Structures are given as structure tokens and as C-alpha cells.
1. Counting other C-beta atoms within 10 Å, and keeping those with at most 12, which DSSP coil chymotrypsin sites (Phe, Trp or Tyr not before Pro) do you find in segment A:446-508?
2. I need to check one value: relative contact order of segment B:3-77, counting alpha carbon pairs closer than 8 Å and at least 6 residues apart, in percent.
3. List every residue whose amide H lies under 5 Å from the amide H of A:Val428, counting only residues 5 or more places away in sequence or on a different chain, with H placed 1.01 Å from N in the peptide plane.
4. How far is helix B:39-53 tilted off the main Cα axis of chain B, in degrees rounded to 10, range 0 to 90?
5. Can you give the net charge of the other residues whose Cβ lies under 14 Å from the Cβ of A:Phe131, counting K and R as +1 and D and E as -1?
6. Pop the C-beta distance of A:Ala433 and A:Lys494 into the FRET formula with R0 = 56 Å and round what comes out to the nearest 0.05.
7. Distance cut-off 24 Å, Cα to Cα: go down the list A:Lys98/A:Lys203; A:Lys133/A:Lys204; A:Lys204/A:Lys265; A:Lys265/A:Lys494; A:Lys203/A:Lys265; A:Lys382/B:Lys56 and report the pairs above it.
8. Nearest 10 degrees is fine. How inclined is helix B:3-18 to the longest principal axis of chain B, computing both from alpha carbons?
Amino acid sequence: MLFNSYSFIFGFLPTVVIGFYILGARRREWGLAWLTAASLLFYAWWRPINVLLIAPSILINYGLARALEKTGEARPAFARTILIAGIVFNLCFLGYFKYLNFAASAMNDAFGTGFVLTQLILPLGISFITFQKIAFLVDVQAGRVSRFSLADYGLFVLFFPQLIAGPIVHYREMMPQFRAAPCRYDPENVAVGISLFFFGLAKKVILADPMSPLVAPLYARAAAGGGQSMIDAWIAALGFTLQIYFDFSGYSDMALGLARFFGIKLPVNFNSPLQATSIIDFWLRWHVSLTRFLTAYIYNPMTLSLTRKRMAAGKPIFGGRNTSLPAFLSLLAMPTILTMLVSGLWHGAGYTYIVWGLLHGVLLCINHGWRLARPRIWPDTKRYNVRMAPVGFILTFLSVVAAMVMFRAPTLSATLMLWKGMIGVYGVTVPAAVFSQLGELAGWLSAVGVQPAWTSGSMLLTSTVRIGCLLVIALAMPNTLRILAAFEPALGVKPDRTPSRLVQVLTWVPDTAWAVGLAFVALAGMLSLGQLSEFLYWQF
Amino acid sequence: MTEQEYLAALSQILSDILGDDSIALTMDTVREDVGGWDSFSYINFIVAVEAEFGVKFRIADVESFPNVGAIVKAITAAPRR
């Protein structure tokens with residue numbers, strides 16, 4: 001069931017929320033059990049067979065976690081074996097559904113047959129669920145999970161607001177909330193929840209979805225081997241970046257809002273990433289819960305163990321400004337690139353995702369390298385930050401947009417076609433209809449090589465205006481976390497100490513003006529529900 | 001060593017890593033308080049601390065130190081190699 005469907009908004013959601021308040025007010029356990037059952041139904045909606053896949057996996061994970069808890073401190077070696085078995089089981093489960101076809105089709109490629117993505121048989125949200133389960137096992141082994149029952153664990157895994165596309169949550173941040181949640185009607189939770197949900201819905205259906213038909217033909221043309229005019233290539237790159245931006249931002253807001261109906265605060269997942277002034281900054285704002293997972297469970301253990309080994313061998317380790325190149329390469333560059341490779345593969349079984357991950361890994365390394373080298377070249381940190389922040393922003397923005405092309409383009413060669421287009425290899429054309437309206441300017445443009453072409457002028461105008469509006473929102477507007485900061489919309493979010501004027505003006509307050517405004521946002525969102533479209537992140 | 005001496009030593013290590021000499025950690029400092037102290041430089045900091053004091057933290061603890069004070073306590077409690 002899609003969050004952005006009438007059956008969800010008018011059927012499933014009210015039923016589940018009201019049922020939860022009624023049952024929860026009698027007995028908390030009933031409310032929570034109702035929530036688990038509803039989540040299972042939510043998961044089963046598309047293909048009931050999904051439940052047959054996820055249920056055994058939950059039971060096996062629960063059994064392993066119990067075994068881990070029992071052996072725990074007493075027999076650490078045995079506990080380690082159980083943990084590894086659990087991680088291997090989960091990765092195999094994911095691997096079977098997500099990567100087997102890719103491995104097979106990669107072989108096919110060698111024989112000249114095109115490869116087919118594996119989405120069709122992929123159980124929904126399996127990538128998210130798998131990571132969450134692995135994190136849970138590691139946490140149990142590390143003694144970070146105190147007590148848990150099958151009911152607790154089931155709810156933790158299945159909780160429908162974050163089931164399909166995150167945020168990837170930790171047991172230790174969720175379960176205390178479920179235990180403390182009042183499980184009954186609370187006006188603040190409903191008001192905040194409904195606001196977040198409809199902000200998210202509007203982002204998804206009004207801002208993100210209409211970009212899709214504008215960029216799709218451009219990617220199709222690139223995939224068919226057609227070169228694009230510079231303007232078209234940039235529309236493809238910016239258009240898709242903004243589409244996935246508002247799609248994921250909208251989804252994340254909706255997830256926060258839905259959880260809030262049940263008195264639960266999810267962690268921050270999306271925090272105006274296009275405003276980032278470095279690639280490192282970008283990854284602390286885009287899909288925050290994935291970055292957090294990858295850092296805690298892959299990057300940190302890898303770096304920690306590598307560093308200790310280097311130290312034991314008597315070689316210099318990472319020493320900040322005085323780091324040697326070999327130390328940088330082996331202790332920072334290598335783990336970073338490997339981690340981002342995992343991230344790429346996690347997003348999809350395909351060459352484009354792998355290269356996308358590697359590319360971001362390399363960008364992160366450049367960023368880290370510069371951070372270390374910069375103080376020697378430009379020692380005045382304060383001045384540097386003020387002067388270079390705009391440069392950092394532009395470089396980051398261009399890198400992210402260029403890399404996003406790879407996320408959308410079906411093949412690496414299509415990506416290359418678009419990149420070449422973006423730097424003007426295939427020239428610059430303007431639709432003839434627009435060209436003829438330019439008057440004297442047309443002559444100037446011809447002089448620098450701009451050609452008229454028989455492409456759609458109205459399409460160009462629509463794309464440009466839409467991209468312009470979305471860019472302003474993404475780059476200049478405070479996000480929902482800031483607007484609702486006073487009500488802790490996501491775990492740990494606090495109001496700004498010195499809010500900007502724009503934030504002050506837009507701060508959410510439960511008054512009539514906001515109620516009317518939100519009603520319009522909700523109405524506009526629901527009237528745009530016409531064609532259902534899946535969230536881009538649901539395919540991962 | 002006193003708490004203050006530990007904090008001074010940790011501040012020095014972090015200053016070196018972040019290239020920012022104005023850092024002064026307290027027992028209550030959390031990562032978000034220090035500009036540029038992201039998750040990536042955090043692990044470098046931890047390993048540098050391990051090297052400086054000859055201790056070895058558990059990876060689980062590394063992930064869950066709530067603030068700088070917890071790191072100081074872990075150093076004093078950890079077995080010396």
C-alpha cells in the first residue's frame with residue numbers, strides 16, 4: 001500500500017490510528033499488538049507472499065538474538081560465531097533476492113544479452129529490513145539491548161511507518177519509546193503527525209512526481225545512444241536530482257508524521273542535503289540513517305582494526321595534520337571507498353550503482369585529503385570558512401548532481417552520454433519556437449554556436465520553471481525539521497538558538513492560520529494523487 | 001592524571017585532527033558541539049586516544065560514548081596494555 005494512495009489515507013491510516021487509540025487506552029499491549037498486526041497487513045498488501053518470506057526471517061533472527069543474549073559474556077567465542085552466522089544468514093537472504101539475478105545477468109552481459117533488474121521478485125524494503133536486523137544482532141552481542149520479547153522484536157522490525165524505506169532505526173532508540181508511548185489520543189502528536197504527513201505528501205506528489213515525465217524521455221534518449229544538447233542534459237541531471245530529492249524528502253517527512261501518530265519519534269533522515277558545503281556534509285544530511293549505519297557497522301570497525309594493526313606493526317597511524325600519505329591511503333581512503341562501494345551495491349544490483357558508490361567514495365577521500373592539507377596551505381581557518389563556503393557549496397552541488405545522473409541512467413554508457421552533453425560535447429540547442437522569439441539575442445547566440453532545433457519549446461519552459469522553483473525551495477527554504485523544531489519532529493531535533501528571519505516567519509504553531517494553510521496543502525496533495533507513483537527509494 | 005589533564009590532552013588530539021586550535025573539550029561536550037567533528041574524524045580521534053594512552057576500547061563502547069566525559073571515564077577504567 002502506498003502512503004500516497006486514497007486507500008492508505010482514507011482507509012488504512014485512520015483505521016489503524018483509531019484502533020490503536022481505543023485498544024491502547026484499555027491496555028498498552030493490545031495497542032502495540034494491533035500496531036504490529038496492522039504493519040504486517042501493510043506489508044502483505046501488494047503480495048501476501050512477502051509475509052511468508054519475512055516471517056521466517058524474523059523468527060530466525062529472534063532465535064539467534066536470544067541465543068546471543070544467553071551465551072553473551074560467558075562464552076564470547078561462541079557468541080561471535082552466532083553473530084557471524086546471523087550476519088551471513090541475513091546477507092544471504094538479501095543476496096538471494098537482490099543480487100543473484102544481477103550476478104547471472106552480469107554473466108549474460110558477456111554474451112551480449114541485456115541485463116534485467118531484479119525488482120520484480122524483490123521483497124519490499126528488504127535492503128532496509130536486512131540492515132536493521134543486522135544492526136540488532138550486533139547490538140545484542142555488544143550488550144546494547146537489555147531485554148526483548150518476540151512481540152518487541154516483531155514491532156521493531158515491522159513498524160509500518162519506517163518498514164519499506166527507512167529511516168534505518170536502532171532498537172535502543174525505538175523500544176524505550178514504544179515502552180513509554182501513551183498509546184492513546186494526544187492532540188499534539190496528531191497535529192504534528194498530520195502536518196508532517198501532508199508536508200511530505202505535497203513534496204512527493206506536487207513537487208517530485210511531475211518531474212518524472214519531464215526527465216524520462218531525456219534518459220531514454222541517452223540510453224538509446226542519442227547525444228543531448230547541453231541544455232537538455234542539464235535538465236536531465238538537475239531534474240532527476242530534484243525529483244529524487246523531493247521524493248525522498250517527502251517520504252521521510254511522511255514516515256516521521258506517521259510514526260508520530262503513535263507517539264513515536266523517528267531519527268532524522270533528510271536535512272536539506274543540497275545546502276551542503278562539502279561532500280562529507282552532504283552525507284551527514286542525505287539519508288542520514290544509512291550513513292549512520294554504514295559508519296557504525298562497516299567504516300568504524302574496519303578503520304579501528306586497520307589502525308590498530310598498523311600501530312602494532314610500528315607504522316605511523318592517522319595523526320591529523322601530520323598524517324603521512326600511506327597512512328591516509330590505507331586508513332582513510334581505502335575504508336571510505338569500500339564503505340561507499342557497499343552503499344552503492346546496497347542501493348541496487350547494477351553497474352551504475354557500483355560506480356556511483358565508488359565515485360562518492362573518491363569524492364569523500366578528496367574532501368578528507370583537502371581537510372588535512374588545507375591548514376598548511378591556508379592556515380586562517382575562520383577566513384577560509386567564510387571565503388570558501390560558497391565555493392564548497394558549488395563544487396558539492398555540481399558533484400552531487402553529476403553523480404545523480406548515474407543513479408537514474410539505466411547504463412554507464414547512458415551516463416557518459418549525458419555527462420558529455422552537460423559539458424557541451426553535443427552542442428547547445430534551443431527550441432526553434434523559443435529561438436525565434438529571442439530577437440536580437442538570437443544573433444548573439446548563433447555567433448557563439450547555439451543552434452535552433454525542432455524540440456518542444458513549452459517542454460523547455462515547463463522544465464526550466466519547475467527546476468527553478470524546486471531549486472529555490474531546496475536551497476533557500478527552511479526544512480520541515482526547522483519549521484516544526486519546537487515540537488521535536490524527529491529524535492533529538494531542537495529549535496535553533498538564533499533562528500533566521502525566514503524560520504521565525506515560517507515556524508509552525510497550532511493556530512487557525514496554520515490549520516487553514518495546511519488544509520490547502522493537504523487538499524492540493526490529495527487532488528494530485530491521480531496517478532499513483534511509487535517512491536524511488538522503495539525499489540532499494 | 002586529573003580530569004582536567006585528560007580533557008586538555010583530548011582537546012590537543014582533536015585540535016590536531018581537525019586542524020582547529022580553538023577546541024576546548026569539557027566532560028559534557030558532545031560531537032555536535034564541535035564544528036567539523038563528524039563521524040569520520042571521530043574514529044580517527046578514538047584511535048589517536050588509544051595510541052596516546054595505551055588503551056583499547058571495545059567497538060561497542062566506541063559507538064555509544066554519549067559525551068567526552070564517557071571517553072575520559074573509559075580511559076581511566078580501561079586496562080593498560
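1. Details: sites: A:Trp454, A:Phe487, A:Trp508; in loops: A:Trp454, A:Trp508.
The qualifying sites are A:Trp454.
2. Numbers: 60 pairs, mean separation 26.3, N = 75.
The normalised contact order for segment B:3-77 reaches 35 percent.
3. Under 5 Å from the amide H of A:Val428 lie the amide H atoms of A:Met230, A:Gln451, each far enough along the sequence or on another chain.
4. 50 degrees
5. Details: positive: A:Lys98, A:Lys133, A:Arg292; negative: A:Asp139.
Within the 14 Å Cβ shell, the charges total +2.
6. Values: r = 52 Å, r/R0 = 0.92.
Result of the calculation: an efficiency of 0.60.
7. On the way: A:Lys98/A:Lys203 29 Å; A:Lys133/A:Lys204 28 Å; A:Lys204/A:Lys265 21 Å; A:Lys265/A:Lys494 13 Å; A:Lys203/A:Lys265 20 Å; A:Lys382/B:Lys56 35 Å.
Cα-Cα > 24 Å for A:Lys98/A:Lys203; A:Lys133/A:Lys204; A:Lys382/B:Lys56; rest within.
8. With rounding to tens, the tilt is 50 degrees.
The values are calculated or read from the model by the stated rules, or taken from the named source; none is laboratory data. As the structure is a computational prediction, the values presented were derived from the model and not from experiment. Using ideal geometry, Cβ is built from the backbone for each residue, glycine included, and neighbour counts are taken over all protein chains shown. Just so you know, the surface numbers come from the protein's heavy atoms only, side chains and all, with ligands and any DNA or RNA stripped out. Shrake-Rupley method; radii C 1.70, N 1.55, O 1.52, S 1.80 Å.
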